[in-house]
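Where a number appears in this text, it was derived from the coordinates with a stated rule and is not lab data. Nothing here was measured: the structure is a model prediction, and the numbers come from that model. So basically every Cβ, Gly included, is an ideal-geometry build from the backbone, and we count neighbours across all protein chains shown.
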């Protein structure tokens, strides 16, 4: 289990290295934002319109912005911290694609099962709305460009930041908790927060952050959360979307009526994530969950 150790024993980890990495990442983010900004200005899209689906080109350019975060962090890890990009992705010797695919596949089964139950209980909530060409265009964007968005969030939160926080933390649960709260704050501007309320929405977002963070540390790398996060967003954008989501007007295959988010639904979603973690523990042969309470080796260091 070397995910935390990758940052501690390899390369450079001074506070200035961290600041330079942030600056470089912001620079990359600005560069990859330019195509979307230019396209929006030429098209005369208003701020309100940009919050809704404006076609596959605009959607692709918006998702492409996240590639700046992804590549900025990977380049800075290599050039500033002087360690391999792989070291911020996994504690294994090679990137474990089979973990990514298997975890994503299992999460797809979970999401499908939950929607099938929802359809059986309330079929009127679902509308099949296949518009072939817009749907195929959306599908292409989701396959080719959506990975930039989900991977950027994972590499930033569960990769780089978790490792950096791990440098100044005594116990493994500390970076998990801190990055989970940051993950919730990152999504604080989503329309669901206004629609369903801060408490319930943040419980779900922070809960999802804990889910991803625990999977990262138990599996010693980002492969599992990368697969789950991509499938989760792919499912929401392409297969089953709902009214009032972060992007209204997306030509998903099935549109679901928006419903009130009750505390019962929040608890159910959290319970599902706990069950999935238990399944993953057995399937991927993880250590006991007491591992999360253990000390990070070399945690006496005061470097960032």
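What distance in nm separates the simple spin-label points at residue 272 and residue 186, each placed 7 Å from Cα in the Cβ direction?
Label at residue 272, label at residue 186, 2.1 nm between them.
Can you sort 70, 16 so the residue with the fewest Cβ neighbours within 10 Å comes first?
With the sparsest Cβ surroundings first, the list reads 16, 70.
Mind giving me the nanometre distance, one decimal, between the label points for residue 130 and residue 168, set 7 Å out from Cα along Cα→Cβ?
About 5.4 nm separates the two model spin labels.
Give me the number: length gained by fully extending residue 144 to residue 291, i.e. 0.36 nm times residue separation minus the C-alpha to C-alpha distance, one decimal in nm.
Roughly 49.3 nm would be gained on extension.
Which FRET efficiency, nearest 0.05, do residue 283 and residue 95 yield, Cβ-Cβ r, R0 22 Å?
Efficiency for this residue pair is about 0.70.
Give me the angle, in degrees from 0 to 90, between the Cα long axis of helix 66-79 and the longest principal axis of the Cα atoms of the chain, rounded to the nearest 10.
Once rounded, one gets 10 degrees.
State, as an integer percentage, the relative contact order of the chain based on alpha-carbon contacts under 8 Å between residues 6 or more apart.
With pairs under 8 Å counted, the relative contact order is 27 percent.
If one takes the longest principal axis of the Cα atoms in the chain, at what angle in degrees, from 0 to 90 and to the nearest 10, does the Cα axis of helix 198-219 lie?
Here the helix axis deviates by roughly 50 degrees.
Using a Gaussian network model on the chain with a 10 Å cutoff between Cα atoms, which of 132, 222, 182 fluctuates the most?
With Cα springs under 10 Å in the chain, the top fluctuation among 132, 222, 182 is at 132.
Could you check what % of the DSSP bridge pairs in the stretch 3-293 are antiparallel, to the nearest 5?
Close to 50 percent.
Whole-Å semi-axes of the stretch 141-196's equivalent ellipsoid, largest first, each the root of 5 times a Cα gyration tensor eigenvalue?
25, 18, 6
Under the rule of -39500 (n - 2.57) per DSSP H run of 4 or more residues, summed and divided by the residues of the chain, what mean residue ellipticity at 222 nm is obtained, to the nearest 500 deg cm²/dmol?
Computed mean residue ellipticity for the chain: -20000 deg cm²/dmol.
Going by a ≥ b ≥ c, the root eigenvalues of the Cα gyration tensor, does the stretch 1-144 fall in the rounded group (a/c under 1.5), the prolate group (a/b larger than b/c) or the oblate group?
Since a/c reaches 1.5 but b/c is at least a/b, the shape of the stretch 1-144 is classed as oblate.
If you build a Gaussian network model of the chain, linking Cα atoms that sit under 10 Å apart, which residue out of 171, 119, 29 swings the most?
Of the options given, 119 has the highest mean-square fluctuation.
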